[in-house]
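S.K.: Just dropping this structure here.
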Amino acid sequence: MSRTVRGVILAGGETKNPLTKYRAMPAVPLGSSLLMVDVPVNNCLQAGINKIYVLTQFQSHTLNSHIAASYPPMKLGAPDQQAWVDVLAAQQTVTEREWYQGSADAVRKNLGELKDEARGITPARDYVILSGSAVYKMDFQKLVAFHREKNADVTIAMHTCGEADARTKGIAQVHPSSGKVMKFLEKPTADDLGSLRREDAAAAPGAEFLASMGIYVFKREALFRQAGVLIDRPQLVHIGHHVIPNALAQEMKVYAYQHDGYWHDVSSLKDFFETNLDLADPDALMGTIDDMTGRRGASLPPAMMQDVELDRVIVGDGSVLVGCKISNSVLGESTYVGRGTIVENALILGNGAWMSDLDRKQALERGDRVYGVGDNCFLRRCVVDENATIGNNVQIINKSGVAEADRSESGFMVQDGIVVVMRNAVLPDGIVI
C-alpha cells in the first residue's frame, strides 16, 4: 500500500472559535500530547500509507512547524521506499493567483505535486483524502480494500447519525445491499431528508441517516477527471457540495463504506470540548488514540504529582500538580495546578515552557510571570488555552450562565456556554467569571 496509495489531509480551512485565533483547527492540541492533525496522519501511517501530503492555508505556522518537527522524511533507498509527510501550503503561482477556495479547489491546485512526477516514483493508484479536524480510528487498509473490491471511482467513509446532525453534514442515500451511493446532499433541508433516510431506519433510532466522515478514496483516474471538471467550472470548490454530486451525475461508481467505531467531527468549540472529555472516559473512545504519536513531549520529564486526587483525568508529560483535586478533565503538557484548586470537566491545553515546582516558587519571588493555575481556584466546564496565567482564588464557572460573550480584552470568551481563557491571557487574583 505504501507504493500505490497517497494520503491527502485537508488542513487549510478557517474555523471560527476562540482556539483558532492564532492557529488552524488541525493545530489545536488534542489530549495530552497530540495535535488534531496527528489523528489522520497516524491513521495513514498505521495502514502503511507513508507518502502523505498536508494541505495548509489558514493560520498555518504552528501546523507547518509541527509537521516538520514530528514527521521527518525518510529519504533512504530507492524512490519507492521513501516516506514523507509533506506540507503543501497555499501559494500564488504564475497560473494560480487566488488562495484555496474550498476542499476540492485545494486538491486541484496541488495536482502537480499529487501526480508525483517530480519524485520519480510509481504513480499512485488511489488517493485517501481526509479531513484534518476529526477524531477517530479506522483501518484504512480495509477501506482501500473495499474500494478496490467494488472497483469504485470514489468511496466515501460514512457514519450513522440522527436527524439533528444530518442537517449539518453530507448525507447519502445508499443501496442497502450493494453499498452504492445513489444520491448525496451536503447539509440537506428538512424536506430533503425524507428521501435520504436509511431503509432500515425504523430499527435504528438516532442512526436514521448515513453521514460523510470527510474521508474519501479516489481512484487516480477519477480524481484527475474531476479535477479537469473543476478547471472548466472553477465555481465548484468543495468535495461534498460539488465533486460528489457531479461524480454521481456523470454516473461514476460511488460507494459508501460504513464505519461503526468512534468518530467525532471537531468543527466547533463544543465538538472539541466534548471530544477531549471523551478521552478521559475509559469507555467512550475505547483506545481510539492510545497508540497515536506526535513529538510534542519528546524531551519533557514525567508528570509530578503530590497530594492530589484524580478521577478520569489525562495528564500530560511535564505537568506539576500539587495539593489539588481534578476530575473528568484533560491536562496538556507542562500544566501546573496549585494547592487547594479544584478542576472539574475542564481542558487545560498546557504550556510551552516546563518549570519545576521549585523553579515556579523562585520565579514568583522575583516577580516573574509564570504559566498555569494558581492556588485555591475553582475551574468548571472551561478551556484554558496554552500559556495562560491564572492567579490565586480565581473562579471560572460561568457564574451568570452566559451562552456567548466576547471579553477577549479581559482574556476570555464564552462560546456555547463554555468559558475559554485565551492563549497567553493573564487572569488576576480573585476574579470570578
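S.K.: Hey, does segment 41-50 have a residue that's more than 17 Å from residue 275 (Cβ to Cβ), surrounded by fewer than 24 Cβ atoms within 10 Å (Cβ to Cβ) and of a type in the set (S, T, N, Q)?
M.R.: yes
S.K.: Give me the strands (runs of 3 or more DSSP E) completely within segment 343-433, filtered to those with at least 1 residues that are surrounded by fewer than 22 Cβ atoms within 10 Å (Cβ to Cβ) and basic (Lys, Arg), ordered by residue number. Write out each step before concluding.
M.R.: On the way: elements: 378-384, 405-407, 412-415, 418-421.
Qualifying strands (runs of 3 or more DSSP E): 378-384, 405-407.
S.K.: How about segment 68-163: which strands (runs of 3 or more DSSP E) wholly inside it have at least 1 residues that are at pLDDT 95 or above and under 24 Å from residue 237 (Cβ atoms)? Give the steps one after another, and end with the answer.
M.R.: On the way: elements: 84-89, 126-131, 134-136, 154-161.
The strands (runs of 3 or more DSSP E) meeting that bar are 126-131, 154-161.
S.K.: Step by step: first the residues of segment 208-238, then only those that are aliphatic (A, V, I, L, M) and modelled with pLDDT under 90, then the one that is nearest to residue 149 (Cα to Cα). Which residue is that?
M.R.: Quick first cut of segment 208-238, residues aliphatic (A, V, I, L, M) only: 210-211, 213, 215, 217, 222-223, 227, 229-231, 236-237.
Still in the running and modelled with pLDDT under 90: 227, 229-231, 236-237.
Working: 227: 24, 229: 26, 230: 28, 231: 30, 236: 29, 237: 29 Å.
Here the answer is 227.
Okay, residues lined up against (1) touching a residue at least 24 places away in the same chain (Cβ under 8 Å); (2) farther than 19 Å from residue 134 by Cβ; (3) acidic (Asp, Glu):
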{"position": "171", "(1), (2), (3)": "yes, no, no"}
{"position": "200", "(1), (2), (3)": "yes, yes, yes"}
{"position": "215", "(1), (2), (3)": "yes, no, no"}
{"position": "220", "(1), (2), (3)": "yes, yes, no"}
{"position": "243", "(1), (2), (3)": "yes, no, no"}
{"position": "255", "(1), (2), (3)": "yes, yes, no"}
{"position": "262", "(1), (2), (3)": "yes, no, no"}
{"position": "265", "(1), (2), (3)": "yes, no, yes"}
{"position": "272", "(1), (2), (3)": "yes, no, no"}
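S.K.: Let me ask you something else. Go through segment 21-40 residue by residue and tally those that are surrounded by fewer than 20 Cβ atoms within 10 Å (Cβ to Cβ) and among the hydroxyl-bearing types (Ser, Thr, Tyr).
M.R.: Pass one, segment 21-40, residues surrounded by fewer than 20 Cβ atoms within 10 Å (Cβ to Cβ): 21-22.
So of that shortlist, the ones also among the hydroxyl-bearing types (Ser, Thr, Tyr) come out as 22.
Qualifying residue count for the region: 1.
S.K.: To continue, here is another question. Only residues that are of a type in the set (Gly, Ala, Ser) and within 18 Å of residue 28 (Cα to Cα): list them for segment 316-348, please.
M.R.: At the first step, the residues of segment 316-348 found to be of a type in the set (Gly, Ala, Ser) are 316, 318-319, 323, 327, 329, 332, 334, 338, 340, 346.
Residues satisfying the conditions are 316, 329, 332, 334, 346.
The values are calculated or read from the model by the stated rules, or taken from the named source; none is laboratory data. All figures in this text were calculated on a predicted structure; none of them were measured in a lab. Positions of Cβ are generated from backbone atoms using ideal geometry, with glycine treated the same way; all protein chains shown enter the neighbour counts.
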